[in-house]
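What follows is a set of notes on a single structure, which appears directly below.
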Amino acid sequence: MILVLLGPPGAGKGTQGDRLAASLKVPRIATGDVLRAAVLKGTPLGMEAKAAMDRGDLVPDEVILGIMQEALSAPEAERGAILDGVVRTVPQAEGLARVTATLGRQVDAVLLFEVSEEELLRRLGGRTVCSVCQTPFKGREVGELCEKCGGRLIRRKDDEPEAIRHRLAVFQAQTAPVVAWYRASSTPILAIDAAGTPDEVEARMLAALAQVRS
């Protein structure tokens with residue numbers, strides 16, 4: 001089963017993606033993770049991605065999709081995968097459809113995490129990250145030390161309220177056409193209320209997914 005996760009920054013896609021991957025016993029594949037892995041392995045596509053990043057350019061969709069095809073072809077993804085951050089635009093959705101068709105597979109459902117702007121402002125506004133390893137923290141103050149690497153915690157500029165509102169506006173503008181595209185392709189779209197505790201959100205997510213699987 002191949003599932004695509006969609007949701008605004010701070011909606012909890014990473015947390016719920018990990019939980020869902022563990023529940024279904026399939027890998028969670030995040031764009032950043034597979035890009036870094038391909039670069040570290042020195043694969044041809046990884047080197048193309050590194051060249052783009054070294055120039056300060058965005059990694060081309062065709063390179064990302066090629067790396068995604070490699071990841072989905074791996075033995076651990078034979079039973080499916082959770083795709084987090086892979087689809088942000090309609091061309092990426094179309095490209096992923098071509099990739100899965102090449103593998104004789106398809107996206108089985110889209111999980112759309114929905115949270116109010118007020119809740120997202122609260123979540124992201126209270127977040128700090130390590131200046132060295134980029135690990136995010138909640139409820140920690142700027143200047144504290146990261147227990148993972150000892151780096152200082154900072155608040156990213158894009159976690160300031162106005163920056164968050166801008167990120168949410170960009171997300172909505174990009175995502176509405178993607179949701180419409182998946183609806184037009186008859187892919188089930190599961191709206192998940194992502195407010196509440198991680199356990200509550202997980203329960204809603206699994207209940208919605210069970211209806212599709214049945």
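The values are calculated or read from the model by the stated rules, or taken from the named source; none is laboratory data. All figures in this text were calculated on a predicted structure; none of them were measured in a lab. Here Cβ is always computed from backbone atoms with ideal geometry, including for glycine, and neighbour counts include all displayed protein chains. Keep in mind that these areas ignore ligands, DNA and RNA; they rest on the heavy atoms of the full protein, side chains included. Shrake-Rupley method; radii C 1.70, N 1.55, O 1.52, S 1.80 Å.
Side notes on the structure shown:
- Normalised contact order of region 92-177, rounded percent, pairs of Cα under 8 Å and 6 or more residues apart: 21 percent
- Residues of region 1-19 with an amide N closer than 11 Å to a point placed 7 Å from the Cα of GLN172 along the Cα-to-Cβ direction: none.
- Top of GLU200, GLU114, GLU144 by mean-square fluctuation, Gaussian network on the chain, Cα under 10 Å: GLU144
- Most mobile listed residue (PHE171, PHE113, PHE137) in the chain, GNM with C-alpha springs under 10 Å: PHE137
- Computed over the chain, relative contact order equals 25 percent, with contacts defined as Cα pairs under 8 Å that lie 6+ residues apart.
- Ligands, DNA and RNA are left out, and with a 1.4 angstrom probe the accessible area of region 1-147 is 49 Å² per residue.
- Lysines whose Cα lies under 30 Å from that of LYS25, excluding same-chain neighbours fewer than 8 positions away: LYS13, LYS41, LYS138, LYS148
- Distance in nm between pseudo-label sites at ARG105 and ALA51 (7 Å out along the Cβ direction from Cα): 2.8 nm
- Using θ = phi - 60° and Karplus 6.51 cos²θ - 1.76 cosθ + 1.60, couplings along region 94-109 (whole Hz; Gly, Pro as x): 5, x, 5, 4, 5, 4, 5, 5, 4, 8, x, 10, 7, 6, 8, 6
- Cleavage-rule hits, trypsin sites (Lys or Arg not before Pro), region 1-90, DSSP coil, Cβ neighbours within 10 Å at most 13: LYS25, ARG55, ARG79
- Rounded percent of accessible protein surface that carbon and sulfur make up, the chain, 1.4 Å probe: 54 percent
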